[in-house]
Amino acid sequence: MIPDQPSDPPQHSLQIRGHTATYTDEGSGPTVVAVHGLPGGDFDFRWLGAALEPHCRFIRLNLPGFGGSAPGGCTFRWPAPAEWVAEALDQLDVKDVTLLGHSYGSSVATAASLLRPERVHRLALLAPIGLRKHKGFRNFPIPKIAVSLLSTPGIRQPVYTLFRQAFRRAGFRKPISNEQIFRTIEAIASWSFEDYKARVQTLHIPVFGALSEDDHLVEAEIIRELLQQCPHGPRLAFEDGGHNLQKSYAVEVATALLQWISTNPCTSGEN
């Protein structure tokens, strides 16, 4: 189910490493901070926000170059985006956080939670990427060469056009800038499954996971393999809903998430 209306709160801004970062901040109560996938932005959580906002404080970060955040201050070579999110949590000065990630954002949230254990006490992964290549990754078999081509004058524009068409075929309907394409390909090119697996295996906070059997980008079995390596927490599986569960099952995800948060209070002594 989805709410009757989406939530589109105004953007706020803060400075991280001398560059403007945008975010939204709505509601009050337990704090949930969301990290979007690639390409994406705070708009990706507008339906989940409508379901969560009456019951918690919901903050949606825009990674550098996306959703109004300036592109400077962070490359997308792993694990730079996670380090950036950790700094954003410091700037916002949030505590007892449930850090929520969608798709690629789930890996960023995972790594950021390990960098700020004093702030992040629960982790929620929606349609997360796993510990081995999924369909979305296999669509870009030569990402390092692609990064080189996208950096070459005279060649880059036709290559950007090809990638923009590829993203559209993959289901990304919103306009995608050249900068966002480059950052997404840069993230894929620098990705390390070995490093990510090592980080997952050091998690000690509870983990909420949700997947769809018909996800066209990340296969359900790959997500299950990941969640088996994570600490305990609710596991939601839907027959349909695609890759964007934060929209297609916004109410169900929000209800389960809020119940889980209420039964897993902070135990570190922080408020």
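Tell me which of Tyr160, Thr22, Pro3 sits at the most positive position along the dipole axis of the chain, charges placed on C-beta atoms (Lys, Arg +1; Asp, Glu -1). The residue sitting farthest along the positive end of the dipole is Tyr160.
In whole percent, what relative contact order does the chain give with Cα contacts below 8 Å and a gap of six or more residues? Can you show the working numbers first?
Values: 529 pairs, mean separation 56.6, N = 271.
Rounded, it is 21 percent for the chain.
For region 1-114, the relative contact order is 31 percent, taking Cα pairs closer than 8 Å that sit 6 or more residues apart in sequence and dividing their mean separation by the residue count. A protection proxy built from the mean count of other Cβ atoms within 10 Å ranks the segments 188-201, 22-35, most packed first, as 22-35, 188-201.
In what sequence, highest mean first, do 76-87, 218-229, 56-67 appear when ranked by Cβ atoms within 10 angstrom?
Details: 76-87: 21.0, 218-229: 17.7, 56-67: 24.5.
Order by mean packing, descending: 56-67, 76-87, 218-229.
Think of the chain as having a plus end and a minus end, set by charges on the Cβ of Lys, Arg, Asp and Glu; of Leu52, His102, His12, His102 sits farthest toward the positive end of this dipole. Considering only Leu125, Leu257, Leu236, the Gaussian network model of the chain with Cα springs below 10 Å gives its largest mean-square fluctuation to Leu236.
About its Cα centre, how strong a charge dipole does the chain have in debye, to the nearest 20, once Lys and Arg get +1 and Asp and Glu get -1 at the Cβ? Intermediate results must be reported in sequence, preceding the final value.
Details: 26 positive and 27 negative charges, 190 e Å.
In debye, rounded to 20, the chain gives about 920.
Between 0 and 90 degrees, the angle of helix 250-262 with respect to the longest Cα principal axis of the chain falls at about 50 degrees. Result for the chain in a Gaussian network model with C-alpha springs under 10 Å: among Gly49, Gly241, Gly105, the largest mean-square fluctuation is at Gly241.
Rounded to the nearest 5, what % of DSSP beta bridges with both residues in region 1-145 are antiparallel?
Working: 10 of 26 bridges.
Percentage antiparallel, nearest 5: 40.
When the charge dipole of the chain is built from unit charges on Cβ atoms (+1 for Lys and Arg, -1 for Asp and Glu) and taken about the Cα centre, the candidate among Ile176, Leu226, His204 whose Cα reaches farthest toward its positive end is Ile176.
With contributions of -39500 (n - 2.57) from each DSSP H run of at least four residues, the per-residue ellipticity at 222 nm computed over the chain stands at -11000 deg cm²/dmol.
Rule-based calculations on the coordinates, nothing more; no lab input. Remember, predicted model here, so these are calculated numbers, not experimental data. Cβ coordinates were reconstructed from backbone atoms using ideal geometry, including for glycine residues, and neighbour counts include every protein chain displayed.
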